[in-house]
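Encoded as structure tokens, the structure appears first; notes follow it.
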Amino acid sequence: MSPPLAGEIVAPPIPEYLKKVYWWAYLHPKAVHLFEREWLVNLILWGNYQPLCDAALADLRGAGQQRILQVACVYGDLTERLLGLMEPQSRLDVIDVAPIQLDNLQKKLAPDTRLHLHQQDSRSLSFAEGSFDRTLLFFLLHEQPEEVRRATLAEALRVTRPGGKVVIVDYHRPLPGHPLYLVMKMILGTLEPFALDLWRQEIRDYLPPTANLVSFDKVTSFRGLYQKIVIQP
Ligand SMILES: C[S@@+](CC[C@H](N)C(=O)[O-])C[C@H]1O[C@@H](n2cnc3c(N)ncnc32)[C@H](O)[C@@H]1O
């Protein structure tokens, strides 16, 4: 892990919702062993893992010496692909609140001086305002209770420079008649108690009311089940 930043001296505790709801997916060593398989992540996303990664990466690539923040680790090869697109002088910071996830990410990536890992909670990041050109949240918000989701979005906007981009990929309410509508409603309603919030409400509704945005663009895919949002603060 990278040396602590100012304000990062004390490692944040694992949030209660993560311990209670997602221990089986992110915290247990056997979970990491089980889920760190791209075919399984792809199955969970109904074959859409690579298209969803492509959609995120399309808004993260760009000329120059970029500084990118990935908020939370992701199973599969998204971070590796992101590094593959970045210039030699760029820098990628990845935060996660779970040390086991940061260790797993470190192990699956080749050593890279552009990569910096930090144990941080997305609710209160130890980065200065406007530190990043791009900030990525990939399937994080649906796993967070509403107040955590609001704080995460506020922090993502705070640490992204004006004119930069916050890129969000997550679940969305599918179109009526979607063949997976009922199956997904049952799966998310059973295993992921905060996820259906994103079916009921727009991510825009969770942004700070005072947020001053240059632009806010949303596209959906797979007949509405997934969304990508690109915000320019
Ligand atoms: C990005 S999300 C979901 C990713 C997606 N399901 C996948 O892996 O393909 C999972 C990560 O979010 C992290 N996480 C959840 N709440 C967090 C928080 N408040 N701060 C930082 N990381 C958090 C978990 O520890 C986990 O590593």
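All of the numbers you see were taken from the coordinates with simple rules; none came from a lab. What you see is a predicted model, and the numbers here were worked out from it, not measured in a lab. No Cβ is skipped: glycine too gets one built from the backbone with ideal geometry, and neighbour counts run over all protein chains shown.
Within the stretch 104-116, restricting attention to residues that are outside any loop (DSSP other than H, G, I, E, B) and among the charged types (D, E, K, R), which residue is farthest from the ligand (Cβ to nearest atom)? Reasoning before the result, please.
First, the residues of the stretch 104-116 that are outside any loop (DSSP other than H, G, I, E, B): 104-108, 115-116.
When the remaining residues are screened for being among the charged types (D, E, K, R), the result is 107-108.
Numbers: K107: 14, K108: 12 Å.
Across the stretch 104-116, the extreme among qualifying residues is K107.
Identify the single condition in (1) out of contact with any strand residue (DSSP E or B) (no Cβ under 7 Å at 6 or more places or on another chain); (2) buried (at least 22 other Cβ atoms within 10 Å of the Cβ) that R134 does not satisfy, given that it satisfies every other one.
Every listed condition holds for R134 apart from (1).
Just need a number here: residues in the stretch 162-187 that are surrounded by 14 or more Cβ atoms within 10 Å (Cβ to Cβ), within 30 Å of S215 (Cα to Cα) and among the aliphatic types (A, V, I, L, M).
The qualifying residues number 4.
Give the number of residues within the stretch 188-198 that are surrounded by 13 or more Cβ atoms within 10 Å (Cβ to Cβ) and either out of contact with any strand residue (DSSP E or B) (no Cβ under 9 Å at 6 or more places or on another chain) or farther than 12 Å from L141 by Cα (or both). Spell out the reasoning first.
In the first step, residues of the stretch 188-198 are kept if they are surrounded by 13 or more Cβ atoms within 10 Å (Cβ to Cβ); the result is 188, 192-198.
Subsequent filtering for residues that are either out of contact with any strand residue (DSSP E or B) (no Cβ under 9 Å at 6 or more places or on another chain) or farther than 12 Å from L141 by Cα (or both) retains 188, 193-194, 197.
Final tally of qualifying residues: 4.
Check the stretch 141-158 and report whether any residue there is among the β-branched types (V, I, T) and either buried (at least 20 other Cβ atoms within 10 Å of the Cβ) or within 13 Å of the ligand (Cβ to nearest atom) (or both).
First, pick out the residues of the stretch 141-158 that are among the β-branched types (V, I, T): 148, 152.
Adding the requirement that they be either buried (at least 20 other Cβ atoms within 10 Å of the Cβ) or within 13 Å of the ligand (Cβ to nearest atom) (or both) leaves 148, 152.
Yes: the stretch 141-158 contains one or more residues that are among the β-branched types (V, I, T) and either buried (at least 20 other Cβ atoms within 10 Å of the Cβ) or within 13 Å of the ligand (Cβ to nearest atom) (or both).
Residues of the stretch 183-233 being at positive phi and either in contact with a helix residue (DSSP H, G or I) (Cβ under 7 Å, 6 or more places away or on another chain) or not basic (K, R) (or both), which ones?
Narrowing the stretch 183-233 to residues at positive phi: 222-224.
Selection gives F222, G224.
Pick from R150, R158: which is farther than 26 Å from W46 by Cα, without any contact (Cβ under 8 Å) to a residue 40 or more places away in the chain and in a helix (DSSP H, G or I)?
Criteria check complete, one pass: R158.
Taking the stretch 117-140 as the region of interest, how many residues are on the phi < 0 side of the Ramachandran plot, under 11 Å from the mean Cα position of the chain (by Cα) and within 12 Å of the ligand (Cβ to nearest atom)? Even if it seems obvious, please write down each step before you answer.
So in the stretch 117-140, the residues on the phi < 0 side of the Ramachandran plot come out as 117-129, 131-138, 140.
From what is left, the residues that are under 11 Å from the mean Cα position of the chain (by Cα) are 122, 135-138, 140.
Filter once more, so that each one left must be within 12 Å of the ligand (Cβ to nearest atom): 122, 136-138, 140.
Residues that pass the stated criteria total 5.
Results for (1) out of contact with any strand residue (DSSP E or B) (no Cβ under 8 Å at 6 or more places or on another chain); (2) over 21 Å from D112 (Cβ atoms); (3) surrounded by 13 or more Cβ atoms within 10 Å (Cβ to Cβ), shown as yes or no for each residue.
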site: E38; (1), (2), (3): yes, no, yes
site: L52; (1), (2), (3): no, yes, yes
site: L69; (1), (2), (3): no, no, yes
site: A72; (1), (2), (3): no, no, yes
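Here is a yes/no grid of residues against (1) of a type in the set (F, W, Y); (2) touching a Phe, Trp or Tyr at 6+ places or on another chain (Cβ under 6 Å):
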position	(1), (2)
H116	no, no
F139	yes, no
V159	no, yes
K165	no, no
H178	no, no
G189	no, no
I203	no, no
L225	no, no
I229	no, no
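Quick check on the stretch 172-190. Is at least one of its residues charged (D, E, K, R) and either within 17 Å of the chain's Cα centre (by Cα) or closer than 23 Å to V94 by Cβ (or both)?
no
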